Amino acid sequence: MAKKPAISRRQFVTSAAAVAAFSVLPARRAIAGMVEEVATLTSSPQNSVTLTDNPNWRDQGIENLAKSPHAKLRNIPVRAVTIQDGFWGRRREINVSRSIPTMHDLLEANGRMSNFRRLVHKSDAAQHGPVYSDSDVYKWTEAVGFVLQSGDRPDLRGTAEKAINDVVAAQEPSGYLNTYYVDDHTSLRMLPQTQTTGHELYNIGHMLQGAIAYYRATGDRKLLDAGIRFVDDFLIPNYGPAPRKPIVSGHPEIEMGLIELYRITGDKRQLDLAAYILQGDKRIELPERRTIYMFSGTPFTDRTKLEGHAVRAMYACCGATDYYMETGDDSYWKTLNTLWNDMATTKMYVTGGVGSRSDGEAFGDAYELPNFRAYGESCAAIGNMMWNWRMLAVTGDAKFTDVIERALYNGINSGMSLDGTMYCYRNPLAFDPSTGDKIRNPWYDTTCCPPNLERTFGSLPGYFYSTSSDGIYVHLYDNSELDWHLETGTGLKVTQKTNYPWDGNVEITVTPSQPTEFALYLRIPGWADGAQVAVNGKALADVKPGQYLPIRRRWSTGDRIHLLAEMAPQILEANPRVADDTGRVAVQRGPLIYCLEELDQANGVALSDVALALGKRPESEFQTEMKSDLLGGVLLLHHAGVTYERSASASTLYPRYTGATARTRQIALTFIPYYAWANRQATSMQVWTPLFKA
Ligand SMILES: [Zn+2]
């Protein structure tokens, strides 16, 4: 490729932008001057924005809600929880040892890093990948950031530092940073048309999230400062309400990034810009189908249903909930609840996946939840979890945690292979390998999902607990140790011992640094048929599934809580309006949705011919079998079923109805957890199984 002098790219600064960038510097210094203590600086200390020390960077969680006036719950830092050996411990170890390193190799092999290096003449490679390729690097950096928050890994940190240096070196003096809108594409930057499809601000949103996670792990603000330069020097002076140039969020994501940035800089202009973007700008006229698809470009608070591109919609909802937590704007809260109800009652798969249509990777109509053709992008399930995490922070309502758990254990966990190197983009609820569809792949040219899964598993400890003004909330269960403190400052350790999700018994030990009265809000999972809670052997009353049980008492060293959430196989029906599930049932046990894979059934049995044969006490007729040597260790469910012996007429498309009873043969059906599907040879799979009616 013909090298161009670096100056031609790096001098891409319109005179207006340059003037505006200078004009904003005094404002930045003024903000910096208001805070006496300077946060840890490891790069470019001069002109750096002062970041909050409340709390210190080490003590900030996935979101820093310490000063968010409308957040009831506050995040704990990822490092405060050590997930030990158990269900998530194994997944997280594979994430660190296999997924994140191999993804880095793939980012290199597919030109994602040379895209940055070529801009400073350290690579002769051509530009690779679609317009959103930069975000792959940023999401990977965020995954590393979360991993390092749990403890240093010098090799990984070294790899990330190199990547960050490559990224930052490519930033232009104006603050602009993008590896696609350079060279011949330079003139397209931030044009309305580019904003609708070009993902410039989407990339920066991910950059901000990656930079913040890395900063919270290491105190290193090099990437964060680059993000602040983009926002403060390039974006805010030039774009926003008139007379600045308009913005349309073609793929929501920047909103979340700006608000989290605001939470550490205290610079209200960043919050205001997010609000402006969430409301759209009438100066950019777009066809309605476009604003539906983008879930942006028109006022968020005018939305009445979830539609359009599912990941866009989920990220917009995340940004809008973040905005609500900072402002308490009622119109946002009303809209968010309307949208949540729309999703939870008509548009979410039983796996917590969302976005049923492959056409446009989009939400379908109400009850449009096909199985074979389900899209259920991994990123959309992750977006669903992130949104519910925010709704939970506002309310402390366990209905949001139930969705988090459903998505996490099923529609998200299915997205990464058990060996951590293959990923699903789609997460269908039925699959037939004869279509030729290859469901798991190590790499996608649009590789949004793999690093998204990696950052989610990296951040997982931060989802286990929250604090509130009166105590602590316990959200998720696995072998783990919390070492943190109450909001009053009293030190607190909480350990969990459990075989969750295979067993609903959880032993919790509470150890405050001194005897202290506070409330421990224990989540009683919504799926539990019943639950019992005892403190130091004494049973508590009013234990209700789907709620947090407040346990208010004077806690002292070694106090023990025993939770038993009754975990038995359950048979679920879908709302009758879900046409694909008519006459079918799904099987759930605890937080796990189960499925059938054809290779687990008796020889010669085709999944398309089987049905579940229910007796008089259907849910008690399952046999369970723990198989530690299968699929990383899974609890199998066995149940009686039948296979139809298809007559010759079954080969015709429309045989005449005869009224004859179908011939069947009794078989045993074997179910595996849905997350573990597609980890052996290609085989048929289904979540919703027909019921046999004798
Ligand atoms: Zn994706």
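The values are calculated or read from the model by the stated rules, or taken from the named source; none is laboratory data. Keep in mind that what you see is a predicted model, and the values were worked out from it rather than measured. Don't worry about glycine lacking a Cβ; one is built from the backbone with ideal geometry, like all the others, and counts go over all protein chains shown.
A few comments on the model shown:
Residue-wise test of (1) more than 15 Å from the ligand (Cβ to nearest atom); (2) touching a Gly at 6+ places or on another chain (Cβ under 8 Å); (3) farther than 20 Å from Met207 by Cα.
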residue: Asp437; (1), (2), (3): yes, no, yes
residue: Thr446; (1), (2), (3): no, no, no
residue: Leu453; (1), (2), (3): no, yes, no
residue: Ser468; (1), (2), (3): yes, yes, yes
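- Extreme residue, nearest to the chain's Cα centre (by Cα), among residues of the stretch 417-468 that are of a type in the set (Asp, Glu) and at pLDDT below 95: Asp445
- Taken together, the residues in the stretch 183-221 that are touching a helix residue (DSSP H, G or I) at 6+ places or on another chain (Cβ under 9 Å) and either among the charged types (D, E, K, R) or not assigned by TED's automatic domain parsing to the domain that holds Ile259 (or both) amount to 6.
- Being in the same structural domain as Gly376 (by TED's automatic domain parsing), within 16 Å of the ligand (Cβ to nearest atom) and part of a helix (DSSP H, G or I) holds for only one residue in Tyr324, Tyr315, Tyr332, and it is Tyr315.
- A search for C-beta distances below 6 Å between a residue of the stretch 356-379 that is at negative phi and any residue that is more than 13 Å from the ligand (Cβ to nearest atom) and among the β-branched types (Val, Ile, Thr), counting only pairs 6+ apart in sequence or on different chains, returns Ala366/Thr346; Leu369/Val578.
- Count - residues of the stretch 102-144 that are of a type outside the set (Val, Ile, Thr) and part of a helix (DSSP H, G or I): 22
- For Ile254, the stated conditions hold: it is out of contact with any Pro (no Cβ under 6 Å at 6 or more places or on another chain) and assigned by TED's automatic domain parsing to the domain that holds Leu306.
- Once the stretch 666-677 is narrowed to residues that are crowded, with 24+ Cβ neighbours inside 10 Å and either among the small types (Gly, Ala, Ser) or not in a strand (DSSP E or B) (or both), the residue that is nearest to the chain's Cα centre (by Cα) is Tyr675.
- Among the residues of the stretch 479-491, not a single one is of a type in the set (Phe, Trp, Tyr) and under 30 Å from Pro673 (Cβ atoms).
- When Ile259, Ile236 are checked against the criterion of being over 25 Å from the mean Cα position of the chain (by Cα) and modelled with pLDDT of 95 or more, Ile236 stands alone in meeting it.
- Wholly enclosed strands (runs of 3 or more DSSP E) of the stretch 567-651 bearing at least 1 residues aromatic (Phe, Trp, Tyr) and modelled with pLDDT under 95: 634-644
- Residues satisfying the stated conditions in the stretch 330-374, i.e. within 17 Å of Ile593 (Cα to Cα) and under 17 Å from the mean Cα position of the chain (by Cα): Ala344, Met348, Tyr349, Val350, Thr351, Gly352, Gly353, Val354
- Some residue of the stretch 411-427 being within 16 Å of the ligand (Cβ to nearest atom) and among the charged types (D, E, K, R): yes
- Residue among Pro252, Pro243 that alone is outside any helix (DSSP H, G or I), farther than 19 Å from Ala71 by Cα and without any contact (Cβ under 8 Å) to a residue 60 or more places away in the chain: Pro243
- Pick from the stretch 394-443, criterion surrounded by fewer than 24 Cβ atoms within 10 Å (Cβ to Cβ), among the polar types (S, T, N, Q) and touching a residue at least 40 places away in the same chain (Cβ under 8 Å), ranking: nearest to Asn371 (Cα to Cα): Ser417
- Filtering the stretch 368-392 to residues that are part of a loop (DSSP other than H, G, I, E, B) and within 16 Å of the ligand (Cβ to nearest atom) leaves Ala374, Tyr375, Gly376, Glu377.
- Residue among Asp365, Asp402 that is away from the ligand (no atom under 15 Å from the Cβ) and part of a helix (DSSP H, G or I): Asp402
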